[in-house]
Amino acid sequence: MDRGLEMEEYIKEYRSERKKSKRVFLNSNETELNSELCLRVDYLVKEQVQKQVEEKQDKIKYLLLCRLLSGAYTENYEAILGLSSSLLYLDENKSLTYWRPALIYDSIDRDMKEVEKLLNKGFIRLQEYELFRLKQKLLNDDWELLKECFPRMIERNLGMITESNLLMEKQFLVLCGDYMEELPVIWMTYTQCA
């Protein structure tokens, strides 16, 4: 078996337990995460309203949350939050902001020390690239947890968008996925706009 796969298998139980406890932590601290999100959404709404007043922007159709895959390399763990027209990526007047959900990612260095301790019990001469590969697995777990929280937070705060002065398409979609990839719809609502 490939050594990298053996290592993944070796920390499988740790990852599972980590994900469970982190899910409980996030559920009990979702208000803090939600506050960060609201600040970002408020910024986006105000920027798009201004662009619409200046007649630079069409009606808004999408709110998107995109993971930046560069986060594992840069260690900033930022995602992009944005509002756009039906053109999505091609919308030259979309509004985007970076969001680093601290509650999700602040423990990654501590978690990696724990992974390294575990691996030292079963493997010799750990290589940086091996640890990096496992860090990406933990970051993927964290992203999955954020994707679980995001629809609940959007549902709770949808009025910030739909009850604002923002001109919107009748169908408003919330998308979540990797930046510049096909983004799945995770939430959909109909607005009073036509």
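The values are calculated or read from the model by the stated rules, or taken from the named source; none is laboratory data. Just so it is clear, the structure is predicted and the values come from calculations on it, not from any experiment. All Cβ positions, even for glycine, are placed from backbone atoms using ideal geometry, and neighbour counts span all protein chains on display. Keep in mind that these areas ignore ligands, DNA and RNA; they rest on the heavy atoms of the full protein, side chains included. Shrake-Rupley method; radii C 1.70, N 1.55, O 1.52, S 1.80 Å.
Does GLY122 fit the bill of being closer than 17 Å to MET160 by Cα and either crowded, with 20+ Cβ neighbours inside 10 Å or in contact with a helix residue (DSSP H, G or I) (Cβ under 6 Å, 6 or more places away or on another chain) (or both)?
No: the conditions fail for GLY122.
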Going by the structure shown, is LEU5 farther than 22 Å from LYS94 by Cα, open to solvent by less than 90 Å² (accessible area, probe 1.4 Å), without any contact (Cβ under 8 Å) to a residue 60 or more places away in the chain and part of a helix (DSSP H, G or I)?
-> yes
Report task. Kindly indicate whether PHE150 is surrounded by 14 or more Cβ atoms within 10 Å (Cβ to Cβ) and part of a strand (DSSP E or B). Result -> no
Restricted to segment 66-108 and to residues being over 11 Å from the mean Cα position of the chain (by Cα) and among the aromatic types (Phe, Trp, Tyr), the residue nearest to VAL49 (Cα to Cα) is TYR89
Checked against (1) under 15 Å from LYS12 (Cα atoms); (2) open to solvent by 70 Å² or more (accessible area, probe 1.4 Å), GLN136 satisfies every condition except (2)
Hey, does segment 57-72 have a residue that's open to solvent by less than 50 Å² (accessible area, probe 1.4 Å), of a type in the set (Val, Ile, Thr) and over 30 Å from GLN136 (Cβ atoms)? yes
TYR98 vs (1) under 20 Å from LYS170 (Cβ atoms); (2) surrounded by fewer than 20 Cβ atoms within 10 Å (Cβ to Cβ): all pass except (1)
Within segment 153-194, residues being in a helix (DSSP H, G or I) and touching a Phe, Trp or Tyr at 6+ places or on another chain (Cβ under 8 Å) number 4
Residue hits (segment 8-50; hydrophobic (A, V, I, L, M, F, W, C) and open to solvent by less than 80 Å² (accessible area, probe 1.4 Å)) are ILE11, LEU26, LEU33, LEU37, CYS38, VAL41, LEU44, VAL45, VAL49
Scanning segment 28-55 residue by residue, those out of contact with any strand residue (DSSP E or B) (no Cβ under 9 Å at 6 or more places or on another chain) and in contact (Cβ under 8 Å) with a residue 60 or more places away in the chain turn out to be ASN29, GLU30, GLU32, LEU33, ASN34, CYS38, ASP42, VAL49
Restricted to segment 101-115 and to residues being free of Cβ contacts under 8 Å to residues at least 60 places away in the same chain and surrounded by 14 or more Cβ atoms within 10 Å (Cβ to Cβ), the residue nearest to GLN57 (Cα to Cα) is TYR105
Quick count over segment 27-68, residues being touching a helix residue (DSSP H, G or I) at 6+ places or on another chain (Cβ under 7 Å), in a strand (DSSP E or B) and of a type outside the set (A, V, I, L, M, F, W, C), is 2
Going through segment 153-176 in order, the residues found to be of a type in the set (Val, Ile, Thr) and surrounded by fewer than 18 Cβ atoms within 10 Å (Cβ to Cβ) are THR162
